[in-house]
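Let me begin by presenting the structure, written as structure tokens, before commenting on it.
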Amino acid sequence: MDYDAIILGAGGAGLLAAATAGKAGARVLVIDHADKPGKKILISGGGRCNFTNTWTEPECYLSENPHFAKSALSRYTQWDFLALVERHGIAWHEKTLGQLFCDGSARQIVAMLLDECRCGGVEIRLSTDIGEIGHADGRFYVGNATAPQLVIATGGPSIPKMGATGKAYEIAHHFGLDVVTPRPALVPFTLGPEEMLFREISGVSCPVVARVGDVAFKEDALFTHKGLSGPAILQVSSYWTPGETVSLTLVADAADMLRAAKRRMPRAHLKAALAELLPSRLAEALATRIGIAKQLGNVADAELNNVAKTLTQLTFRPTGTEGFAKAEVTAGGINTAELSSKTMEARRVPGLYAIGEAVDVTGWLGGYNFQWAWSSGVAAGLAISRLLPRCGISSTQ
Ligand SMILES: Cc1cc2nc3c(=O)[nH]c(=O)nc-3n(C[C@H](O)[C@H](O)[C@H](O)COP(=O)(O)OP(=O)(O)OC[C@H]3O[C@@H](n4cnc5c(N)ncnc54)[C@H](O)[C@@H]3O)c2cc1C
């Protein structure tokens with residue numbers, strides 16, 4: 001079974017790489033152990049797939065080499081993917097912060113990718129183990145298939161119950177490629193028993209500015225029975241290292257607001273003033289933590305300033321994260337130093353490529369990770385097809 005390229009993994013990156021190369025004339029085989037292609041696409045965005053973000057730029061990605069993603073992202077942009085979505089007649093809408101979702105269902109994105117693969121004559125083998133990979137005389141061998149080009153598109157180990165594995169790293173090690181230690185990202189934090197007050201208000205959410213080190217995101221935070229979640233928390237989790245604190249600004253101009261409340265309702269207690277600014281269960285938890293029993297009129301301004309500090313910088317020291325089981329993506333992965341940023345080809349192993357989440361490029365929450373899957377997939381697909389003597393392809397497919 002002779003192919004021009006074998007692609008390992010039928011996720012977003014693998015399918016678009018396959019379609020790109022196939023449509024340019026390459027004979028492409030995709031292998032996946034799952035019984036369905038694009039399983040993560042199907043569950044993404046609450047079933048509507050947040051398929052890209054109009055604000056995509058390289059600064060929205062984490063990597064040991066922050067410049068690596070620039071080339072692929074600029075050569076196949078969010079607008080290119082949107083044009084593909086529109087060509088397939090898929091209705092979409094912007095939800096918030098540049099995040100684009102299908103109006104209907106994430107199934108439409110998978111159907112679109114499969115349609116593109118069909119146009120490219122791509123063969124997809126599902127429920128198939130990759131097994132041992134052979135490499136000799138410039139050819140790769142996977143099961144009974146052989147090709148001069150092999151693409152690692154098996155993603156990262158986040159959400160193993162969806163079939164996610166660390167296979168990409170195993171293959172990388174097999175070929176002597178370095179891997180940046182993978183870690184869960186876009187993942188909820190766990191808090192210890194000393195924060196039981198906040199764990200008991202599970203389900204409460206509110207807009208915050210969440211900070212880890214120098215990084216800050218303004219979105220919602222959600223208190224959970226294990227700790228902290230919600231978009232703002234997931235965003236900063238990607239930048240967090242164990243032992244670091246996470247701080248939340250609940251109310252930016254808290255000092256002024258508290259002083260105004262003191263004048264307006266001097267007989268009220270702190271909880272009542274906080275409940276004007278925050279969800280009532282959170283106000284109650286904070287009032288308990290702060291522990292001022294007096295009426296507001298009897299609280300000195302200096303004391304109120306301390307309360308304000310808690311509201312502008314509520315600090316937690318997470319005990320950890322909920323791990324790969326709950327992480328939306330994996331940070332780290334195949335070291336970008338091993339790859340060409342234009343083609344995704346391994347510098348030291350000609351014909352071997354790595355794309356998508358398998359690589360040490362991790363996007364923010366909000367469609368950025370799929371955009372990386374599409375951009376890196378197209379980069380590899382184009383590179384594969386350029387090696388064929390008979391074809392050419394436009395950069396927007
Ligand atoms: C719940 C959830 C929601 C998400 N929502 C969004 C969103 O709305 N927007 C966004 O941008 N990102 C979202 N993401 C992240 C996004 O899904 C990933 O970044 C993206 O799917 C990565 O694409 P990929 O093709 O590199 O890897 P994957 O989609 O993970 O595909 C890898 C493929 O390889 C196969 N595979 C793995 N191991 C093996 C093996 N050993 N043998 C054979 N095959 C194997 C898998 O079955 C899979 O089909 C979400 C992630 C999760 C978990």
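A few points about this structure:
- Any hit, the stretch 17-33, residues being out of contact with any helix residue (DSSP H, G or I) (no Cβ under 7 Å at 6 or more places or on another chain) and polar (S, T, N, Q): no
- Test for A383: is it at pLDDT 95 or above, under 26 Å from D80 (Cα atoms) and buried (at least 24 other Cβ atoms within 10 Å of the Cβ): no
- Listed by first and then second residue, the pairs linking a residue in the stretch 371-389 that is hydroxyl-bearing (S, T, Y) to a residue that is surrounded by fewer than 24 Cβ atoms within 10 Å (Cβ to Cβ), with Cβ atoms under 6 Å apart and 6 or more places separating them unless they lie on different chains, are S385/A24; S385/C391; S385/I393.
- Of the set (1) of a type outside the set (S, T, N, Q); (2) away from the ligand (no atom under 12 Å from the Cβ); (3) touching a Leu at 6+ places or on another chain (Cβ under 7 Å), all apply to V151 but (2).
- Look at (1) within 12 Å of the ligand (Cβ to nearest atom); (2) over 25 Å from the mean Cα position of the chain (by Cα); (3) more than 21 Å from L15 (Cα to Cα) and you find that G138 fails only one, number (1).
- Some residue of the stretch 165-180 being surrounded by fewer than 19 Cβ atoms within 10 Å (Cβ to Cβ) and over 25 Å from G381 (Cα atoms): no
- Among the residues of the stretch 4-47, those that are away from the ligand (no atom under 13 Å from the Cβ) and aliphatic (A, V, I, L, M) comprise A5, A21, A24, A26, V28.
- Within the stretch 65-102, being in contact with a Lys or Arg (Cβ under 7 Å, 6 or more places away or on another chain) and among the hydroxyl-bearing types (S, T, Y) holds for one residue alone: S71.
- Scanning the stretch 154-184 for residues that are within 13 Å of the ligand (Cβ to nearest atom) and aromatic (F, W, Y) turns up just one, Y169.
- Taken together, the criteria place P266 among residues that are touching a helix residue (DSSP H, G or I) at 6+ places or on another chain (Cβ under 8 Å) and surrounded by fewer than 21 Cβ atoms within 10 Å (Cβ to Cβ).
- If the condition is being in contact with a Lys or Arg (Cβ under 6 Å, 6 or more places away or on another chain) and under 30 Å from L296 (Cα atoms), then the stretch 232-258 contributes only S247.
- Just one of the listed residues (E86, E64, E57, E94) is within 21 Å of the chain's Cα centre (by Cα), farther than 16 Å from A379 by Cα and away from the ligand (no atom under 16 Å from the Cβ), and it is E64.
So that you can scan it fast, the table gives a plain yes or no per residue for (1) among the polar types (S, T, N, Q); (2) part of a loop (DSSP other than H, G, I, E, B); (3) over 16 Å from L311 (Cα atoms):
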| position | (1), (2), (3) |
| --- | --- |
| E170 | no, no, yes |
| H173 | no, no, yes |
| T181 | yes, no, yes |
| I201 | no, yes, yes |
| E244 | no, yes, yes |
| L258 | no, no, no |
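- Pairs linking a residue in the stretch 25-49 that is more than 17 Å from I130 (Cβ to Cβ) and among the β-branched types (V, I, T) to a residue that is near the ligand (Cβ under 6 Å from one of its atoms) and part of a loop (DSSP other than H, G, I, E, B), with Cβ atoms under 8 Å and 6 or more positions apart or on different chains, are I41/G11; I41/C49.
- Test: L126 is touching an Asp or Glu at 6+ places or on another chain (Cβ under 6 Å), farther than 16 Å from G14 by Cβ and modelled with pLDDT of 95 or more: no
- Checking the stretch 348-360 against the condition returns a match, with at least one residue being of a type in the set (D, E, K, R), touching an Asp or Glu at 6+ places or on another chain (Cβ under 8 Å) and more than 10 Å from the ligand (Cβ to nearest atom).
- Number of positions in the stretch 323-341 that are more than 8 Å from the ligand (Cβ to nearest atom) and either of a type in the set (A, V, I, L, M, F, W, C) or out of contact with any Lys or Arg (no Cβ under 8 Å at 6 or more places or on another chain) (or both): 11
The values are calculated or read from the model by the stated rules, or taken from the named source; none is laboratory data. These numbers come from a predicted model, not from an experiment. Quick reminder, even Gly has a Cβ in these numbers, built from the backbone with ideal geometry, and neighbours come from all protein chains shown.
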